[in-house]
Amino acid sequence: MKQERKIRRSTMDDLGRMLEIYEFARKQMCLNGNPNQWVNYPSRELLEEDIKSGVSYVIESDSEVIGTFVFCIGEDPTYQVIEEGGWLNDEPYGTIHRIASDGTQEGLFKLVEKYCSQQIDNIRIDTHEDNKIMQHILEKSGFSKCGIIYTYDGSPRIAYQKKYKRISEATVDCAV
């Protein structure tokens with residue numbers, strides 16, 4: 001039986017489960033050679049702020065929260081300066097941050113990507129240089145490595161971007 005998965009905005013009622021998911025994700029990252037990306041991060045206060053701001057989302061499977069992420073449309077201050085490359089374009093974009101799952105299901109990034117790309121056709125995301133799993137997922141999903149950005153604390157991150165073509169942008173040969 002196929003499990004029904006959906007994405008919805010997070011509420012304060014989801015906070016405890018979100019903290020559990022991030023704790024699981026931190027442990028998984030450590031086991032996979034990435035011990036430095038989310039040390040004591042994200043904080044409860046940051047998650048509360050994200051929920052209040054309406055940019056925090058959860059992924060549910062059969063009404064159980066199995067993942068979480070942040071998605072914002074608009075300028076991300078940490079993306080204003082990019083080194084060792086450049087963005088694909090300067091068009092408006094959405095940013096995916098802090099995507100994490102409880103490890104019970106595969107393919108959550110694809111679901112999140114589809115959801116976000118339905119909101120805006122230009123997506124940016126970044127990850128730690130030691131997060132080889134996320135780098136692989138992003139590159140497999142068609143994201144282009146664009147350069148290096150720096151987080152608020154000055155930590156470098158590999159920046160990626162993907163521009164989606166809309167049907168209206170596609171070239172169609174209607175000759176019969």
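Structure summary
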quantity	calculated
Positions within region 88-110 being crowded, with 18+ Cβ neighbours inside 10 Å and of a type in the set (A, V, I, L, M), in sequence order	I96, I99, A100, L108
Residues satisfying the stated conditions in region 14-41, i.e. touching a helix residue (DSSP H, G or I) at 6+ places or on another chain (Cβ under 7 Å) and at pLDDT 95 or above	L15, M18, L19
Residues satisfying the stated conditions in region 75-123, i.e. over 21 Å from Y164 (Cα atoms) and in a helix (DSSP H, G or I)	P77, T78
Counted residues, region 120-163 - those being of a type in the set (F, W, Y) and modelled with pLDDT under 95	1
Some residue of region 44-66 being assigned to a loop (DSSP other than H, G, I, E, B), among the acidic types (D, E) and either touching an Asp or Glu at 6+ places or on another chain (Cβ under 7 Å) or closer than 21 Å to R157 by Cα (or both)	yes
Scope region 1-35; condition within 15 Å of D130 (Cβ to Cβ) and in a loop (DSSP other than H, G, I, E, B); matching residues	N32, G33, N34, P35
Per-region count, region 62-79, residues under 18 Å from the mean Cα position of the chain (by Cα) and over 11 Å from R9 (Cα atoms)	11
Breaking point among (1) surrounded by fewer than 16 Cβ atoms within 10 Å (Cβ to Cβ); (2) free of Cβ contacts under 8 Å to residues at least 24 places away in the same chain, for V55	(1)
Residues of region 18-47 classified as within 13 Å of F69 (Cα to Cα) and surrounded by 16 or more Cβ atoms within 10 Å (Cβ to Cβ), total	6
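The values are calculated or read from the model by the stated rules, or taken from the named source; none is laboratory data. Computed from a predicted model, the values in this text were never measured in an experiment. Cβ coordinates were reconstructed from backbone atoms using ideal geometry, including for glycine residues, and neighbour counts include every protein chain displayed.
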